[in-house]
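Peer 1: The structure follows.
The values are calculated or read from the model by the stated rules, or taken from the named source; none is laboratory data. Keep in mind that this is a model prediction, so the values were computed, not measured. Neighbour counts run over all protein chains shown; Cβ positions are idealised from the backbone, glycine included.
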Amino acid sequence: MSDALREQLLKAGLADEKRLKQSKKELQKQRQKQRKGGKKAKATAMPAPEKQRLAEERRLKAERDRTLNQQKEAQKRQKSVKAQIEDLLKRHAQSTRDGEIPFHFTQDNKVRKLEVTAKQQQGLSQGKLAIVRHDSRYHLVPADITEKLLERDASLFIYRVEASTDGTDDDDPYKDFPIPDDLQW
């Protein structure tokens with residue numbers, strides 16, 4: 001009902017405000033039913049092959065979404081692991097800036113060199129310190145930290161001298177000749 005007709009009916013006294021509101025609500029409900037019914041009618045009138053195609057598209061979309069979510073979760077885990085490794089290295093790595101003694105080690109059948117202090121050299125040779133390569137940099141860390149690093153990323157390069165059981169070898173022909181303390185290699 002248009003507003004002009006409504007006003008004319010009110011002025012003539014043929015209708016009151018309450019009845020007009022009620023009729024307006026009923027009209028709105030009927031329109032909504034027609035809209036919903038129209039959509040349902042279209043959906044039920046759809047041929048079976050079309051329904052199958054739509055169902056297949058929904059399934060494929062859900063599968064794509066699932067794989068994308070898995071990839072995002074994997075990226076988050078990698079980022080978290082990398083942050084944990086960097087945090088461990090930042091907290092436990094020793095500075096090699098003051099190092100003047102070259103320490104040689106092998107990586108991928110190549111001899112590498114790292115300048116260390118005398119105390120660090122002694123720690124490396126005793127197996128108390130280890131060398132870790134992360135983001136193309138070498139870090140000097142305590143040997144017990146290497147286990148935590150390997151838990152997070154097994155592909156890290158770690159050079160660590162394994163400490164011998166008693167420090168002497170029974171077959172060593174030079175075991176009776178001690179190495180002087182002031183000998184530099």
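Peer 1: Would a scan of region 144-155 turn up a residue that is modelled with pLDDT of 90 or more and not acidic (D, E)?
Peer 2: Looking through region 144-155, none of the residues is modelled with pLDDT of 90 or more and not acidic (D, E).
Peer 1: Output the strands (runs of 3 or more DSSP E) that fall wholly within region 81-185 and possess 1 or more residues being among the charged types (D, E, K, R) and in contact with a Gly (Cβ under 6 Å, 6 or more places away or on another chain), or say none.
Peer 2: Details: elements: 101-107, 110-116, 129-134, 137-142, 157-160.
In region 81-185, 110-116 are the strands (runs of 3 or more DSSP E) which contain 1 or more residues that are among the charged types (D, E, K, R) and in contact with a Gly (Cβ under 6 Å, 6 or more places away or on another chain).
Peer 1: Kindly establish whether R59 is farther than 30 Å from H134 by Cα and either of a type in the set (V, I, T) or surrounded by fewer than 12 Cβ atoms within 10 Å (Cβ to Cβ) (or both).
Peer 2: Details: farther than 30 Å from H134 by Cα: yes; either of a type in the set (V, I, T) or surrounded by fewer than 12 Cβ atoms within 10 Å (Cβ to Cβ) (or both): yes.
Judged against the criteria, R59 is a match.
Peer 1: May I pose another question? Quick check on E115: is it surrounded by 10 or more Cβ atoms within 10 Å (Cβ to Cβ), out of contact with any Pro (no Cβ under 7 Å at 6 or more places or on another chain), free of Cβ contacts under 8 Å to residues at least 40 places away in the same chain and not polar (S, T, N, Q)? Steps first, answer last, please.
Peer 2: Values: surrounded by 10 or more Cβ atoms within 10 Å (Cβ to Cβ): yes; out of contact with any Pro (no Cβ under 7 Å at 6 or more places or on another chain): no; free of Cβ contacts under 8 Å to residues at least 40 places away in the same chain: yes; not polar (S, T, N, Q): yes.
Criteria not met by E115.
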